[in-house]
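Here the structure comes first, spelled out in structure tokens, and everything after it is commentary.
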Amino acid sequence: MRSRPISRRAVLRGMLVGGVSVTVPLPRLAGMLNGNGTAYAQGAPLPVRFGTWFFGNGIIPDRWVPSSTGQADAWQLSEQLEPLAQVKPWLSVLTGLSIKVPNNSPHASHPCAALTGAQTGPGQVQSASIDQLIAPAISGDTAFPSGIHAALSNQTGATALGLAISYRGPNAANPPTYSPTALYQQLLGFTSDGTSRPVDPALLYRQSVLDAVAEDANALRQRLGAQDQLRLDHHLDGLHELQGRITRLAMPLSTGPLPNPDQLYPARGADGLISRERGQAFADLLVFALASDLSRVFSYMFTCAASHGDYADCGLANSSFHEDYGHRLSKSGLSAATRGFNTGVKYAMSNLADLLTKMKSVPDGNGTLLDNSCVYITSCTSESQTHSGNDYPLLVAGKAGGRLRSDQHVRLLDENVSKVPFTLLNALGGPTETFGRAEGSVSSGIAELLA
Amino acid sequence: MRHSRNFGFGAIIIASVFGGLSVTCGSHQNQQQAELSPVANDGAAPMPGDTASDTPEDEASAAGTASADGSAPTTGLVLPGGDLPAPTLHRLTRSELTHSLQDLLGADVPIGQLEPDVSINGFSSIGASSVEVSPAGIDLHEQAVLAATGYVFADEARVQAQFGCTPASPSDSACSSRIVTQFGRRAFRRPLTEAEVARFTGLATSIGSADGSRLLTGVRYALAAILESPSFVYRVELGVPSAEDAGRLKYTGFEMASRLAGIFWDSVPDDTLLDAADAGALATPEGVRAQAERLIADSKAERSLVVFTRELFGTSHLDEAQKDDALFPTWRESLKDAMREELERRVLDMVFARKGDFLSLLDDRKTFVNDDLAQFYGLPVSGEPGFHAAEFPPESRRAGLLGAGAVLAGHALPQRNSPTARGKFVSEMLLCRSIPPPPNNVPPLPPQAGPEVTMRERLAVHRQSPVCAGCHSMMDPIGFGMEDFDSVGLYRTLEGTSPVDASGVLEGPGLDGTTFSGLAELGAALRRQPVVGPCLVSKLYSEVLGRRALQLDRSAIEQLAARFSDSQHRLDQLLLTLVTSDSFRFAEPKG
């Protein structure tokens, strides 16, 4: 039987009795740090953040792979990476690696391997994705221990992984939200302008409700077979997380104003539409959540694997990006289709740059949020027409609080793509012996990625 | 134009009729094998099905069953092998949640965002058998429940109307207790245990008596707790061993109530159904039939058929379709809703109003349109809002559900048709053929020569390449037969500057090799194929049972298919027969 958070309810009840709220200041005010700004004054290390950023339909390797390898001045951004110029010093470009699992299902096998180290199984994904493997090690007591999951485009793809890139395990996706407004509303309750306000009694009622719900879950669990018991256990985990969030709603953070998408980007377009402004709205909110330590984990799906999405925002209107550009089937002919595909890849990278640039601009500890983060970027294929798994698109952005080296292009011909998430898992999640399964399994990483 | 079958894939296709194998297109392991001469793959060693759900062991058992009989399945229906899965919790789909909340709290209750369904083999009910709830999903569900209960309990008049009493003072425990008990019985699809009654009424009391609160609020949160409980969120249908059935797992009376309400009403049972369960009436096929007939006669039965129609015809493709407004100036986004409703109304009309031959929907001309859609199709407008019945004239080339805008516009691309996509839909959903994913390292199609090159000509290379021919020969020749209708579902005689060639052929396992020209002839030809009826039965079977139809279901499906055929393809009768059958009442089939 799972233990219930009695202490949390007692805390809430105590607040209600007192009739006034407790506002917790942002934990990362300078005064709370040690002299070097590298740890809290009490000695605890600053939190590191991790995110996955995914774009569908792959790349043109000739235009993605930088022409020279090395660090700092020894390498330059390629054409398709040029939009990331402002964050080059935080970027590691890994090229030459290959997906080793068989490509049984194009646009599914490969992204599944890049994200989980394993082949797709009968129920799609067999294993947890890298963000969910890292989350338990770094999330601590944040409001969103499983992370915040958002996506720009809600259009599906061909023979693909579905509309999620974060998985807690088989049959256990973290479906993203497409709505910046909904995310804003959800985060709003955790923020405060610093003035006291009475605790909403509904928070206590909701906790009591969830206690009763957990009793039901525990009673039901006893009747179930092993697979269903696991489903209920995970359901209970979700209830537990929600109770944690509700407790935090009673203790809002004193923050700056939460960026309101409807004020800042009113013309951004409907939820699910591919637009730069929608991406920026999400970037604002994700950065806010990470900076105020509401979450240390996120996943962002720009477009899904093999996305049919319409890239009208960069001039490729009335098209299916996967068919017309990824597979060069546009009625306008091969040259136009190739140009369009290239435009689309660069457009995706511009969207990524928006997020990373915002992370770079937020002070965090002794540096910036990007200094203290690690973002893993990948796609569902390499060369899009052939569904190739060779020379796979892989980027790592951020320095993860000094754990990662950056500003480099490293080329590792035919090495297993799994080595990248393996390296990140070890750097952020603590020592791990292996990552992945079968052909996707590795037990060593990429030394150049580590500081 | 008859497509010639060669290269040894023919042998594999024939083998699959007897072996129940899914045909695959070439190796998936590496490009080397894919480049072998197809004659070397002469079918002697069947290639494993690429759909990851079919293990090599499954293939062997499927082959074994058929050859042990010494006879080929007469229907040509292909079913995968595999073991019967144990019964699992069925997570309510979004549609079931919506309808349950409406039935429990009132039709006008607001329904917030809900966690998306997972579709397996096209059906969310199959995904529901294994999908988990994510942490974000727990959040969304709580928010939706709070919004729905908050709406009702914000107004005492609504509470009175919905529950028949209004809990007033804290001493008014009779009303609150009654609400909780009756609500809980419907929401959990079974009577609450004493412990559960105590849990939820206790919650109502403790919240109701908190400072600044009142009993109404307490009851509201008690109902919220019921609706957030897994006993509501999942349908718990596990079966118990039945002594008089050799210990086979049989669904209990209340589990049958849950199943019947889920299948017919996409919702929770009503009190009458629960009373029947309580009285033991759902233990026999006759008792089940009596309740099923009552449920299917209720207008709520339309809900499930709407879900089945949308999933069978893949209207989610229509929902996200983009169309080039320069190429298709009459297209509007609002047509999507109209087209979806047209499709649903045609099916509902045939099943519930006309009680007619479901397969006649493949070539009949009766439809339902609003004026926007009528104008789009070139039918007379009525001048009235809403939908009205209409008929495509005899000379129209549009007939049957394949001619519905939802099908044509949904299975197409923004600027042009995709005969492969339309052919894939027909192959998978109407002919029950399993089309594996494309092999890896597909070489690019040759660059388009110019606007005078038709899609048919561009796709010809699929069937010249041995790697691609096996699967594309199942899809493209069917899709070509719909080339007389464009990407937004309008009739056309020209594709660019070339005259449309809409000839096609129905060939392969279970098909009679008919050639046809155009959509209307395709519909008529499909209707005559022996596999179409059994395929529909197996789709409905898998959707109702929440799992894939397997080889071990063959005998049950063929019996249902025979009765379906004998009853002139009455779908309502098929549903009634299905829910009274062994497959639906037991979690384990007869030996």
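The values are calculated or read from the model by the stated rules, or taken from the named source; none is laboratory data. Keep in mind that this is a model prediction, so the values were computed, not measured. Note: ideal-geometry Cβ built from the backbone for every residue, glycine included; neighbour counts use all protein chains shown. When the accessible area is computed, the model is the full protein with side chains, heavy atoms only, and any ligands, DNA or RNA have been set aside. Shrake-Rupley method; radii C 1.70, N 1.55, O 1.52, S 1.80 Å.
Can you tell me which residues in the range B:244-284 are aromatic (Phe, Trp, Tyr) and more than 17 Å from B:LEU295 (Cα to Cα)?
Residue satisfying the conditions is B:TYR251 alone.
Can you pull out every residue in the range A:357-366 that is over 16 Å from A:ALA281 (Cβ atoms) and under 15 Å from the mean Cα position of the chain (by Cα)?
Hits for the range A:357-366: nothing passes.
From the set of residues in the range B:177-195 that are within 12 Å of chain A (Cβ to nearest Cβ) and without any contact (Cβ under 8 Å) to a residue 24 or more places away in the chain, which is farthest from B:ALA257 (Cα to Cα)?
Among them, the one singled out is B:ALA195.
If I ask for residues that are open to solvent by 10 Å² or more (accessible area, probe 1.4 Å), more than 18 Å from B:LEU312 (Cα to Cα) and in contact (Cβ under 8 Å) with a residue 24 or more places away in the chain, which ones from the range B:529-556 would you list?
B:PRO530, B:GLN551, B:LEU552, B:ARG554, B:ALA556
Residue check: is B:GLY470 on the phi < 0 side of the Ramachandran plot and of a type outside the set (A, V, I, L, M)?
yes
For B:LYS336, work out the one condition from (1) open to solvent by 20 Å² or more (accessible area, probe 1.4 Å); (2) part of a helix (DSSP H, G or I) it doesn't fulfil.
(1)
From the residues in the range A:197-219 that are facing another protein chain (nearest Cβ under 7 Å) and open to solvent by 10 Å² or more (accessible area, probe 1.4 Å), which one is nearest to A:PRO252 (Cα to Cα)?
Checking each candidate, the answer is A:PRO201.
Given A:PRO170, A:PRO106, A:PRO175, which one is open to solvent by 10 Å² or more (accessible area, probe 1.4 Å), over 20 Å from A:LEU290 (Cβ atoms), within 11 Å of chain B (Cβ to nearest Cβ) and more than 17 Å from the chain's Cα centre (by Cα)?
Of A:PRO170, A:PRO106, A:PRO175, the one residue that is open to solvent by 10 Å² or more (accessible area, probe 1.4 Å), over 20 Å from A:LEU290 (Cβ atoms), within 11 Å of chain B (Cβ to nearest Cβ) and more than 17 Å from the chain's Cα centre (by Cα) is A:PRO170.
Residues of the range B:196-220 being open to solvent by less than 10 Å² (accessible area, probe 1.4 Å) and within 8 Å of another protein chain (Cβ to nearest Cβ), which ones?
B:PHE200, B:ILE207
Name the residues in the range A:331-380 that are in a loop (DSSP other than H, G, I, E, B) and at negative phi, would you?
Within the range A:331-380, the subset in a loop (DSSP other than H, G, I, E, B) is A:331-333, A:362, A:365-366, A:369-372, A:380.
Residues satisfying the conditions are A:LYS331, A:SER332, A:VAL362, A:ASN366, A:LEU369, A:LEU370, A:ASP371, A:ASN372, A:CYS380.
State all residues of the range B:106-139 that are under 13 Å from B:SER95 (Cβ atoms) and more than 7 Å from chain A (Cβ to nearest Cβ); if no residue qualifies, say none.
Narrowing the range B:106-139 to residues under 13 Å from B:SER95 (Cβ atoms): B:111, B:114-117, B:119, B:123-125, B:127-128.
Listed by number, the residues that qualify are B:ILE111, B:LEU114, B:ASP117, B:SER119, B:PHE123, B:SER124, B:SER125, B:GLY127, B:ALA128.
Might you check whether a residue that is touching a Ser or Thr at 6+ places or on another chain (Cβ under 6 Å), in a strand (DSSP E or B) and more than 10 Å from chain B (Cβ to nearest Cβ) occurs anywhere in the range A:152-161?
Yes, the range A:152-161 contains a residue that is touching a Ser or Thr at 6+ places or on another chain (Cβ under 6 Å), in a strand (DSSP E or B) and more than 10 Å from chain B (Cβ to nearest Cβ).
Can you pull out the residues in the range A:311-329 that are assigned to a loop (DSSP other than H, G, I, E, B) and surrounded by fewer than 24 Cβ atoms within 10 Å (Cβ to Cβ)?
Result: A:GLY315, A:ALA317, A:ASN318, A:HIS327, A:ARG328.
Which residue pairs have Cβ atoms closer than 6 Å, lie 6 or more positions apart in sequence or on different chains, and pair a first residue in the range A:272-288 that is over 18 Å from A:TYR347 (Cα atoms) with a second residue that is open to solvent by less than 10 Å² (accessible area, probe 1.4 Å)?
A:LEU285/A:LEU183; A:LEU286/A:PHE298; A:VAL287/A:MET359
Yes or no: A:ASN390 over 17 Å from A:ALA114 (Cβ atoms), open to solvent by 10 Å² or more (accessible area, probe 1.4 Å) and of a type in the set (S, T, N, Q)?
Details: over 17 Å from A:ALA114 (Cβ atoms): no; open to solvent by 10 Å² or more (accessible area, probe 1.4 Å): yes; of a type in the set (S, T, N, Q): yes.
Answer is no for this residue.
Would the range A:131-148 turn up any residue that is part of a strand (DSSP E or B) and either within 11 Å of chain B (Cβ to nearest Cβ) or surrounded by fewer than 24 Cβ atoms within 10 Å (Cβ to Cβ) (or both)?
yes
Scan the range B:108-145 for residues that are open to solvent by 20 Å² or more (accessible area, probe 1.4 Å), touching a residue at least 24 places away in the same chain (Cβ under 8 Å) and in a helix (DSSP H, G or I) and report the count.
3
Give the range B:312-331 a look and list any residue that's assigned to a loop (DSSP other than H, G, I, E, B) and more than 14 Å from every other protein chain (Cβ to nearest Cβ), or say none.
Selection gives B:THR330 alone.
In contact with a helix residue (DSSP H, G or I) (Cβ under 7 Å, 6 or more places away or on another chain) and in a loop (DSSP other than H, G, I, E, B): is that true of A:VAL213 in this structure?
When the stated conditions are applied, A:VAL213 does not pass them.
Could you tell me which of the residues B:THR272, B:THR284 is β-branched (Val, Ile, Thr), in contact (Cβ under 8 Å) with a residue 12 or more places away in the chain and out of contact with any Asp or Glu (no Cβ under 7 Å at 6 or more places or on another chain)?
B:THR272 is the lone residue from the list that is β-branched (Val, Ile, Thr), in contact (Cβ under 8 Å) with a residue 12 or more places away in the chain and out of contact with any Asp or Glu (no Cβ under 7 Å at 6 or more places or on another chain).
If a residue has to be more than 14 Å from every other protein chain (Cβ to nearest Cβ) and either crowded, with 23+ Cβ neighbours inside 10 Å or of a type outside the set (Asp, Glu) (or both) to count, how many in the range B:146-167 make the cut?
13
Need a quick list: helices (runs of 4 or more DSSP H) entirely within the range B:505-591 having at least 1 residues that are out of contact with any Lys or Arg (no Cβ under 7 Å at 6 or more places or on another chain) and more than 28 Å from B:ARG422 (Cβ to Cβ).
Result: B:532-545, B:554-566, B:571-580, B:582-585.
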